[in-house]
Amino acid sequence: MHSRTHVFLTAGTALLAAAVVPATVLPALAVPTGPPPAAEPATAAPSTAAPSTSAPSTGAPSAPEPAATRAPVRRGAAGPPAEGTVSAAALLARAGGCDRISDGLYRTRDDTPPTVAVCDAKGAVFWKADMDIDCDGQLTARCNHESDPYYQEQTAFTQTDGRHLNAEKLPYIVVPMTSSIWDHSSSGIHGGSVAAVIHADKVQYAVVGDIGPPGIIGEASHAAARGLGILTDPAGGGVPSGVTYIVFKHSQVSPIENHDAAVRLGNELANKFLREN
């Protein structure tokens, strides 16, 4: 698998500060314990935009999708849906064509030709690319200098306590740094924006958690890859193609590290995406 090129996070922190503002977040939501409740449609968590990084979420409570577009609700021990109720097939059907919003194409690695467009849709942008494994952020047993030759201790956005994100625990994606190709902020995409990441028949909700090189696209955290059944080794894992990233405009998960909140809001906005596209 190809190498990542986070060439700016250590030496170029000032450049990132000019391009993005770390998301400020609210205290984590309490998660109920006890036996899992009966399956029911997911609802969105309240959404609060971080100053200077995102507009408020445009998600609104929605009626359940027809049975043909719904996947079985998989519940975790804490109770909320594991990854929502919208099927991968339903989302891919709505992300078939491409109304290109990027002014040019992205590379999936620095030694390949540019082939990836960012496409516009109602309520979202999306692209189809590979997946490299981002292990940047907090030092963990699986994300460290030994496991990842490109490891950086920083992520572009931080969690409630000011620490950088935990790539081993938090599903997040990486968006390219603003360039002449595309400015993600002009599409309402910021730190904490929620995304539906699709591979094969799986949907993984994630947040925008890091910024990558300006000309390369297709990267997500160790946890996001694990949720999709993709090899998580940052040095040789990932997949070379077949991953679709749908990022919902003007959405905000708060606090950014609350994955249950990302699932609830992502599931709501995914249903809205199906209705509007």
>> Please list, in order along region 107-117, the HN-Hα scalar couplings obtained from phi with the Karplus expression 6.51 cos²θ - 1.76 cosθ + 1.60 (θ = phi - 60°), rounded to whole Hz, x for Gly and Pro.
In response: 8, 8, 7, 6, 10, 10, x, x, 9, 9, 9
>> Can you give me the long-range amide H partners of Q152? Hydrogens built in the peptide plane at 1.01 Å from N, cutoff under 5 Å, separation of 5 or more residues or another chain.
In response: D136, G137
> Sequence-distant or interchain residues sharing an amide H contact under 5 Å with A124, placed H: which?
Replying inline: K249
>> Through the Karplus equation 6.51 cos²θ - 1.76 cosθ + 1.60, θ set to phi - 60°, convert the phi angles of region 126-140 into ³J(HN,Hα) values in whole Hz; use x for Gly and Pro.
In response: 8, 8, 10, 8, 8, 9, 8, 9, 9, 10, 5, x, 4, 6, 9
> Carbon-plus-sulfur fraction of the accessible area of region 129-277, 1.4 Å probe, in percent?
Replying inline: 49 percent
> Under the definition of Cα pairs under 8 Å and six or more residues apart, what whole-number percent is the relative contact order of region 204-246?
Replying inline: 27 percent
>> Whole angstrom only: what separates the Cα centroid of region 223-254 from the Cα centroid of region 93-145?
In response: 9 Å
> Could you give the accessible area per residue of region 97-147, probe 1.4 Å, as a whole number in Å²?
Replying inline: 47 Å²
>> Below 16 Å, Cα to Cα, which aspartates and glutamates can K122 reach? Residues fewer than 8 away in the same chain don't count.
In response: D99, E268, E276
>> If amide hydrogens are placed 1.01 Å from N in the peptide plane, which non-local residues have theirs closer than 5 Å to the one on D210?
In response: I173, V175
>> For the ranges 204-211, 185-192, what's the packing order if you count other beta-carbon atoms within 10 Å of each residue, average per peptide, and put the highest first?
In response: 204-211, 185-192
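The values are calculated or read from the model by the stated rules, or taken from the named source; none is laboratory data. All of these numbers come straight from a predicted model, not from anything done at the bench. Cβ atoms come from the backbone with ideal geometry, glycine included; neighbour counts cover every protein chain shown. Heads up: the accessible areas ignore ligands, DNA and RNA and are worked out on the full protein's heavy atoms, side chains in. Shrake-Rupley method; radii C 1.70, N 1.55, O 1.52, S 1.80 Å.
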